[in-house]
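Below is one structure; the comments refer to it alone.
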Amino acid sequence: MPEGPDAPPRDDSTPPDTPPDTPPAAPPGSAVVLEARDLSKHFRVRRTLRTFADRDRPVVHAVDDVSLRLRRGTVTAVVGESGSGKSTIARLLAQLYPATSGELRLLGEPVRAPKGRAFRAYCRQVQLIFQDPFGSLNPTHTVRYHLTRALRIHGRAGRTSAELEQALAQLLARVHLTPPERYLSSFPHELSGGQRQRVAIARAMAADPKVLLADEPVSMLDVSIRLGILNLLRDLKERLDLAILYITHDIASARYFADETLVMYAGRLVEGGDSETVTQRPAHPYTRLLIGSAPDPDRIAAMSDGNGTGEGTGGGAAEGADASEGQETAGEPPSLISPPPGCRFHPRCPMAMERCRTDVPPRFDLPGGQWAACWLYDGTDGTERSAPAPKEASA
């Protein structure tokens, strides 16, 4: 992109070292806009010559028994490692995939809109923002074409060309791409990555939705402009009272951006609660290891000093990281074609018990609205039970 006074505004106008403000907790009375109840999605494995005659085709258990609620004016983050099923959840909620089992409720009413007019009406309420902005925009069409088509599909283009131009200008102004004349005639390859993602967000907002499903919206962008996109989504959430699902593998950005954080492993949700609580006082062993694996200069400095207290790292986060010290585990995530019985994390868990290998743990409520699907909390008082000494992990 050219530099100078005529150059398009950069996305890194916000300094990257701006101290993040802790997002406010979700109001207890926030209305539920979109709800998933026991949602599951299994993909059939393709037949081969060896399995062509088999009656029972194996399936990939991509998502199993996922329940979540997206509330008006709040951001819910789903975090986890690659292949855990996060993006599959977003596509299930967008109804791009048919669910194997479970139920979706929009504004309290069950919905099933696989195609046709019902699907288009559903898309007016629920919009998906894809991970790769360049891949989600047609490289042969301009920004004007993308936004005009979205406005016309959802009946918001107006009756005259003047009304259409006004709607286009409002969309671009909403995502901070001004003046609009500078961008409407541009092709996707003429824009920066952050600007392309802003166009994708504007296209989603053309439907005037109540729910935004953001599937890793900043993972394909430079670090210097990620904060600008997150701040844009937060601004849209606050001004339009949107419900946002934020899919990410970066638990630090979930703490900064989301009101509620859900942790996912091997197709199942294992922990959830207020973002500050989950990231600072993780309950599930997987969440502790996930946070402990993130680079933390303060923790490294504390370890080099030999005090091991983790002072300056934020209290609860240090406790979660210290809890994982000496409990490093090896190995790969389990096969989702034949997932292990019981808790799916038990082959890698340093605190696994015999019960973990046979029974699937339910959600156990913990203080402060937090919950964890772990047998360590199988008690009426919500406290952690004593567990056997961590076993040595095998690769």
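The values are calculated or read from the model by the stated rules, or taken from the named source; none is laboratory data. Since the structure is predicted, the reported quantities are computational estimates derived from the model, not experimental observations. Cβ coordinates were reconstructed from backbone atoms using ideal geometry, including for glycine residues, and neighbour counts include every protein chain displayed. Side chains included, ligands, DNA and RNA excluded: accessible areas come from the protein's heavy atoms. Shrake-Rupley method; radii C 1.70, N 1.55, O 1.52, S 1.80 Å.
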Response to the item:
Residue hits (the stretch 349-375; within 25 Å of the chain's Cα centre (by Cα) and open to solvent by 40 Å² or more (accessible area, probe 1.4 Å)) are 360, 362, 363, 365, 367, 368, 369
Practice prompt. Could you tell me whether the stretch 178-194 includes any residue that is closer than 23 Å to residue 91 by Cβ and in contact with a helix residue (DSSP H, G or I) (Cβ under 9 Å, 6 or more places away or on another chain)?
Written response: yes
Practice prompt. Output the number of the condition that residue 329 fails; it satisfies all remaining conditions of (1) at pLDDT 55 or above; (2) under 26 Å from the mean Cα position of the chain (by Cα); (3) open to solvent by 20 Å² or more (accessible area, probe 1.4 Å).
Written response: (1)
Fill in: Hits in the stretch 185-206 (condition: assigned to a loop (DSSP other than H, G, I, E, B) and out of contact with any His (no Cβ under 7 Å at 6 or more places or on another chain))
185, 186, 187, 191, 192
Worksheet entry | Selected residue [aliphatic (A, V, I, L, M), at pLDDT 95 or above and within 22 Å of residue 66 (Cα to Cα)] from 290, 269 | 269
Response to the item:
If you go through 177, 213, the only one that is surrounded by 22 or more Cβ atoms within 10 Å (Cβ to Cβ) and over 30 Å from residue 286 (Cβ atoms) is 177
Item to complete: Residues that are open to solvent by less than 10 Å² (accessible area, probe 1.4 Å) and among the aromatic types (Phe, Trp, Tyr): find the strands (runs of 3 or more DSSP E) completely inside the stretch 241-298 holding 1 or more of those.
Response: 243-248, 260-265
Practice prompt. Kindly provide the set of residues from the stretch 254-274 that are in contact with a Phe, Trp or Tyr (Cβ under 8 Å, 6 or more places away or on another chain) and at negative phi, ordered by number.
Written response: 254, 257, 258, 263, 265, 270, 271, 272
Fill in: Selection status of residue 224, surrounded by fewer than 18 Cβ atoms within 10 Å (Cβ to Cβ) and over 14 Å from the mean Cα position of the chain (by Cα)
yes
Worksheet item: Within the stretch 195-204, which residues are out of contact with any helix residue (DSSP H, G or I) (no Cβ under 6 Å at 6 or more places or on another chain) and open to solvent by less than 10 Å² (accessible area, probe 1.4 Å)?
Response: 195, 201, 204
Practice prompt. Would you be able to tell me the number of residues in the stretch 207-220 that are part of a loop (DSSP other than H, G, I, E, B) and touching a residue at least 40 places away in the same chain (Cβ under 8 Å)?
Written response: 8
Item to complete: Collect the residues in the stretch 114-146 that are in a helix (DSSP H, G or I) and open to solvent by less than 60 Å² (accessible area, probe 1.4 Å), keeping them in residue-number order.
Response: 116, 118, 119, 121, 122, 123, 133, 136, 143, 146
Practice prompt. Could you tell me which numbered condition residue 184 fails, if it satisfies all but one of (1) of a type in the set (A, V, I, L, M); (2) in contact with a strand residue (DSSP E or B) (Cβ under 9 Å, 6 or more places away or on another chain); (3) farther than 28 Å from residue 371 by Cα?
Written response: (2)
Worksheet item: Does residue 268 meet the test of being among the basic types (Lys, Arg), more than 28 Å from residue 171 (Cβ to Cβ) and touching a residue at least 24 places away in the same chain (Cβ under 8 Å)?
Response: yes
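Condition check ((1) part of a loop (DSSP other than H, G, I, E, B); (2) closer than 21 Å to residue 285 by Cα; (3) touching a Ser or Thr at 6+ places or on another chain (Cβ under 8 Å)) across all residues:
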| site | (1), (2), (3) |
| --- | --- |
| 73 | yes, no, yes |
| 82 | yes, yes, no |
| 92 | no, no, no |
| 96 | yes, no, no |
| 104 | no, no, no |
